[in-house]
Each structure stands twice: as structure tokens, then as C-alpha cells.
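In what follows, a single structure is set out as C-alpha cells and then discussed.
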Amino acid sequence: MASTETPFTIAIPDSEIDLLRKKLESTRFPDELEEAERDYGVPLADLRRLVEHWRGGYDWRPHEAQLNQEFPQFTRDIEVEGHGTLNIHYVHKKSEVADAIPLLFVHGWPGSVIEVRKILPLLLQVSPDHPSFHVVTYSLPGYGFSEAPKKKGFADAQMAEVGHKLMLALGYNEYVTQGGDWGAMICRTMAQLYGPKHVKAWHTNMPFAYPPHPIHRPQLWLKHVLFKYNARDQARLERTKWFSDRGSGYLHEQATQPQTLGYSLADSPAGLLAWIYEKLYMWTDDYKWTDDERPAASVRIYYEYVKIHGLPSEWTKNLETVVPTGYSYFPKELIGFPKSWNTAGFPNVIFEGDHDSGGHFAAYEVPEMLVGDLRKMFGKDGPAFGVVPGKTGYA
């Protein structure tokens, strides 16, 4: 029996907002450095600016009202194998097209359902020139307004189970998915676990690739050794190296000591701002410091994922899915690989979109480009047209 859907409205108590401001007023900062601070971590000037903005210049209520107006929000209980029942927060908005394509959008860290904000109206758009989508997105357990898991071992498979069971509960027995960051991992896992019966295709703006290997990918390895890459592929490799060497400190800390971080994140709003800055400093709207548990819960997936799948260097060994796959490439993505690495030996990669601008949070940075790729992939002339039986996306 499906669980009951309950309408949800964001309503942060005044007492919590007052406490947040008081905490920010008492923030203590470390000493300044004469040299360039960015090499050491979050620049002090930037964090001072953020703290001051949140303390006196940021009015939460208009944002709260706008989110409640834009997003039809709900909660329902989802049973997760081995973890009991969790209360899940989600957004669900249907297209006017009856045969629209059901699409699950999955956010990452430090994101939230807010990531769908700019692409939502575009995906719902009705036109004879492109398909329309019924859109669902959910706050991952431990994020936003979804209940945090209480037991260890809650990783990508469990996040995928929640998303899949939510889609079934909403009446979408067959659907497609899209995501970046953790959403890329979770969407891939959903395709592996629930495709092709339920997940009919998936798309990501953060493709992972298995590198050339003399035994496992010999032809690709020979090309890698003998030939040079074009400028875009070379830039992707250089950016990946930079991220590995200089930009992934947050990842390794969360993957090894998430609970240690949790104490600071739960008690110090400035600490939370600083930590989120490590990845993208303005993505804080839905990371409510007011919840003394969730900031810690949101970083545990790194630990759980590494415990199951190994260190990041091992994450590229289980990439194949049995359903059609689409990739979009944006030049400022945190990591990237030559396009041949993504496609060689993977016949189900049926769509690729390459862009001159955009980065890690493509849904918010370049929404028209991301939605354009989805329209091309699932449109009448696209390689995944009609992949969901009876749901073409056209009136």
C-alpha cells in the first residue's frame, strides 16, 4: 500500500532565525594572512562578507514565500530496506501534456531541491517543437527537509531506493532521470538497479569515465599513448588534476571523518558557510542551520560511498548501465575526461552535448543549455524518443 502524501509548506520559526543571527554576531575569525589566502582555504574576507550578509542583510522570509509559491511540496513516508521508514520531502509538478515524460531530478552536495528551480518551468513548457516533462525532485535523506537516516550504510543504493519508490508511489512506473554531482551517482545506480523495467533512460551533466588501461581498455590506451588530445579534452584533464590536487579537500574529509565535521556544522553557522564555500559559496538557501542534525547527515554519504566503492580513483569501475545514457559536458565542471573515455566500449551512451560555458551546477548556471540537451535527447528526432512507452512528451 502506498504511503499517504502530505502537503508541505516551508515555515522556519522566528526563534530559529533569531538564534541564527545571535550566533553569527558572536562569530570569531582567525588571524589574517599577508599572502594570498585562497591557497590555504576559504579567504577570510569572503567569509566575513558572507557572515555579515546572513547576519544583517539576508531576509529569509521573501525567499521562503517564493519557494512555497513556486514549488508544490509534499512529504510522504518511504520504507528503505534495512533502514526503516523515512519521511521524505519532495517537489512534484505535472505538465499540462497528459503524455509528458516522467522525469526524476536528483540534486547533490551542497545542493538541494532548489537546484531544479530554473529548469522546472522550462521542462514543463508545452510546445510542438520539443517534449514536455512531469517533474519530480526530492530532498535526499539528511538534506533539506527530508528525515536523516539513523543507521550506518546509507549510501547511493539507498538514496536510489528512495527515489525509485517515490516515483512508483506517484504513479510513475516507467520514468527517466537526470542529475549531477551526487545526483549523477544516484541516477546511475537507479539505472543499474531499476532499469530497464522502470528506469528507461538517464542523463547527467557530470560524466565519470574509466581511464585507458593496457589490459581492460587496450585500444583506448594505445590512442592515449600515441596521440594528442584536442584542446577541450586536454582542458578537461587539466581541470580534473587541479581538482584532485587542490580542490577536493572537502571530499576527503567528509569521506573519512564526517562526524568530526558534524559538530562544527551543527553548532556554528559560520562553520557551515565556510564548509559549503569549499565547493560553491552561494549555495546555502536550503541548508538550514536551524536543524542541529541535518548538516552532519548531509556529509555522511561521502563516507558511506567510499566504504562501499573505495576511494575516488575507484569510482570509475562500475559505470555501465543497461539503459540509454546521455551526457552533457560543461567546461567548468569540477572533473572531466576526454569524450572518448566516456563512450569507448559503452554502446548505451546515445547522446552527448558539448558546451562552451557552464559548470558544476549547470541546472542553475545554464538552465537553457541543460534543458536543451534533454529536449534533444528525448525529442522527436532524438535517440531516446519514445523510450517511455506511451509518453512522448508531446500534446
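Assorted remarks:
- None of Pro7, Pro30, Pro13, Pro43 is outside the structural domain of Gln158 (by the TED database), under 30 Å from His92 (Cα atoms) and more than 25 Å from the chain's Cα centre (by Cα) except Pro13.
- Test: residue in the range 195-206 that is more than 30 Å from Gly84 (Cβ to Cβ), touching a residue at least 60 places away in the same chain (Cβ under 8 Å) and part of a helix (DSSP H, G or I): no
- For the range 350-362, the set of residues classified as at pLDDT 95 or above, assigned to a strand (DSSP E or B) and open to solvent by less than 50 Å² (accessible area, probe 1.4 Å) consists of Phe351, Gly353, listed by residue number.
- Yes/no for Lys118 being surrounded by fewer than 24 Cβ atoms within 10 Å (Cβ to Cβ), touching a helix residue (DSSP H, G or I) at 6+ places or on another chain (Cβ under 6 Å), in a loop (DSSP other than H, G, I, E, B) and among the charged types (D, E, K, R): yes
- The sole residue among Thr27, Thr9 that is farther than 30 Å from Tyr394 by Cα, hydroxyl-bearing (Ser, Thr, Tyr) and either assigned to a strand (DSSP E or B) or at pLDDT 95 or above (or both) is Thr9.
- Contacts under 7 angstrom Cβ, first residue in the range 211-235 being farther than 25 Å from Phe330 by Cβ and open to solvent by less than 60 Å² (accessible area, probe 1.4 Å), partner in a loop (DSSP other than H, G, I, E, B) and among the acidic types (Asp, Glu), 6 or more apart: none
- The range 135-161, residues that are within 22 Å of Leu319 (Cβ to Cβ) and of a type in the set (A, V, I, L, M): Leu140, Ala155, Ala157, Met159, Ala160
- Summed over the range 94-114, residues that are in contact with a Ser or Thr (Cβ under 8 Å, 6 or more places away or on another chain) and open to solvent by 20 Å² or more (accessible area, probe 1.4 Å) total 2.
The values are calculated or read from the model by the stated rules, or taken from the named source; none is laboratory data. Since the model is a prediction, treat every value here as computed from it, not as a measurement. Neighbour counts are summed over all protein chains in view; Cβ atoms, including those assigned to glycine, are modelled from backbone coordinates with ideal geometry. These area figures cover heavy atoms from the full protein model, side chains too; ligands, DNA and RNA do not enter into them. Shrake-Rupley method; radii C 1.70, N 1.55, O 1.52, S 1.80 Å.
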